[in-house]
1. Could you please let me know if P291 is surrounded by 14 or more Cβ atoms within 10 Å (Cβ to Cβ), part of a loop (DSSP other than H, G, I, E, B) and either not aliphatic (A, V, I, L, M) or not assigned by TED's automatic domain parsing to the domain that holds S332 (or both)?
2. Taking the stated definitions as given, is G200 assigned by TED's automatic domain parsing to the domain that holds T117 and exposed (fewer than 15 other Cβ atoms within 10 Å of the Cβ)?
3. Which ones in region 316-343 are at pLDDT 95 or above and either in a helix (DSSP H, G or I) or touching a His at 6+ places or on another chain (Cβ under 9 Å) (or both)?
4. Checking Q313 against (1) at pLDDT below 90; (2) out of contact with any Phe, Trp or Tyr (no Cβ under 8 Å at 6 or more places or on another chain); (3) crowded, with 20+ Cβ neighbours inside 10 Å, which test does it fail?
5. Inspect all residues belonging to region 45-59 and state whether any of them is surrounded by 13 or more Cβ atoms within 10 Å (Cβ to Cβ) and closer than 25 Å to T186 by Cα.
6. When you scan region 105-169 for strands (runs of 3 or more DSSP E) that lie fully inside it, which ones turn up with 1 or more residues that are over 31 Å from the mean Cα position of the chain (by Cα) and assigned by TED's automatic domain parsing to the domain that holds T91?
7. Are there strands (runs of 3 or more DSSP E) fully within region 1-102 with at least 2 residues that are under 20 Å from Y119 (Cα atoms) and hydroxyl-bearing (S, T, Y)? List them.
8. Would it be correct to say that G236 is more than 18 Å from A343 (Cβ to Cβ), part of a strand (DSSP E or B) and of a type in the set (G, A, S)?
Amino acid sequence: MVATDPLWLPTLNYDEAELRKMDVLLAMADGTAGGARPGIRPGDIGLAVSLAGTTVNVTAGSAFAYRSGQGMYRIQMAATSPGTLSAAHATFSRIDLVYLRVWDTSVDSTGLRKADTVYLAGTPSGSPAAPTPGATEIYIPLAQITVPSTGGGGTGAATVSSTVRQVTVAPGGILPVTSASDIAITGKYAGQARYNTVRGVIEFWTGAAWAAPGDWTTYTPTWAGLTAMGSSVSTGRWSRVGNTVDVTAQLVWGTGSTIGTGAITVSLPFTAVGSSPRWVGTGYYSDGVNPFKPLAGIISAGGTVMSLFATRQSDIGYQSPGSLGYSWVSGSSMNLQIRYEAA
């Protein structure tokens, strides 16, 4: 058994690696043991990259950088100018990278112990991509600079994008995500929250996917009461916010299917609450030739299915579609939607 030094005990001496490894507790986890997500705090306007002619400028700011096995590096920077924009290519555009780097000789064998900003020019190409810093570098990206070819405007038309700028939050914090790479990252625990700036919604990790309250989910409703299902195709979708559930269900005729004259029901994604009498939805029946005919869906208290009825403007009330002579032939479909309260 190897003993370690817990933080802030008297008479103990701590080396820099121990302190960095304990600092990972300040930022959200990255899914590895003892790991953390590096970056800049959301809302912190520091470390902003801009161009003054061909001079690259970075404002003062602070950030976290992380290296596996080394822990979290806390960085504070004065305003810097990491370089001058390289000359544009005559034919091809390129993408340059500006990043914040920590030099730690115990990791990169540079003989240096410092932090600074770095400008790294990309390679001109018909399909340019931003360059990647060396494998031993400890860094976080701040911005990309797109430099068009001389024929496309030269370096004077270069543009700065901060899309690659990475942010981090405290454990349990809501992380804003914007870049495609951040949006594609899987969650680290069920219930983790993030703000997807592209969709404009708060999403939660379910354990398998990111989902926002009210997102629609596909399901396959079970239709009962038809004399024969044959190859008819059942599809459905549901959306839930709290205990309010919206459902759509559709059945499209298939060979070997007969409707019969009995009551027809459609399964629900969630059981209805038992304290209310019933909910009524709307729908329509189509045989592909004649005008749509109205349908109604009814869910009773505590129900697990929606009962389907045809309606007529008469005193006969709700009836099974088959009992009213609806023809179940090629081109026929039944479509319903309903909102109800789930248990």
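1. So P291 does not fit the description; no.
2. Answer is no for this residue.
3. The answer is none; no residue qualifies.
4. Status for Q313: all satisfied but (3).
5. Checked against the condition, which is being surrounded by 13 or more Cβ atoms within 10 Å (Cβ to Cβ) and closer than 25 Å to T186 by Cα, region 45-59 yields no hits at all.
6. Because the criterion is at least 1 residues that are over 31 Å from the mean Cα position of the chain (by Cα) and assigned by TED's automatic domain parsing to the domain that holds T91, the strands (runs of 3 or more DSSP E) in region 105-169 that meet it are 113-120.
7. Those strands (runs of 3 or more DSSP E) span 61-67, 80-84.
8. Answer is yes for this residue.
The values are calculated or read from the model by the stated rules, or taken from the named source; none is laboratory data. Source: prediction; values computed, not measured. No Cβ is skipped: glycine too gets one built from the backbone with ideal geometry, and neighbour counts run over all protein chains shown.
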